[in-house]
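A single structure is presented below for examination.
Read-outs throughout are calculated quantities, based only on the coordinates presented, and are distinct from any laboratory measurement. Quick caveat: nothing in here was measured; it's all calculated off a predicted structure. Note that we place each Cβ from the backbone using ideal geometry, even for glycine, and neighbour counts take in every protein chain shown.
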């Protein structure tokens, strides 16, 4: 994905214990949401830095946070005007039982927070 622009700096922080294993359905939806978040950031964000944080919190939640220093956007307008990638992200989050928050303002970058409860249905049996 970083082939779009080799000048982008990617910073990754990870705190995941080995007990936090997702089931295949939850893992696929999580991957697709993260993939779309990266694609949007790289294609539309005009950013120079991307920070990704991955955490599992006390065996309760799996958290993915993507922050960029790009141009940002009006989140209310974007969802209403046919931005299907964002709509698909929300639909996948709902399907998986996750919460998805997108914080962004024009000129101030974007922050995407995905929080997936590690309930029995989302974990690998």
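Under the definition of Cα pairs under 8 Å and six or more residues apart, what whole-number percent is the relative contact order of segment 10-117?
29
Something else about it: What is the spin-label model distance, in nm, from residue 101 to residue 44 if the labels are put 7 Å beyond Cα along the C-beta direction?
Result: 2.1 nm between the two label points.
Under a plain spin-label model, where a point goes 7 Å from the Cα along Cα-to-Cβ, how far apart in nm are residue 51 and residue 90?
Distance between the two pseudo-spin positions: 2.7 nm.
To continue, here is another question. Take the Cβ-Cβ distance between residue 9 and residue 35 as r, set R0 to 22 Å, and report the resulting FRET efficiency rounded to the nearest 0.05.
After rounding to 0.05, the efficiency reads 0.65.
Mind listing the Cα extents of segment 10-117 along all three principal axes, in Å, largest one first?
39, 28, 18
Moving on. For 74, 61, what ranking results if the residue with the fewest other Cβ atoms within 10 Å of its Cβ goes first?
Ascending Cβ contact count within 10 Å gives the list 74, 61.
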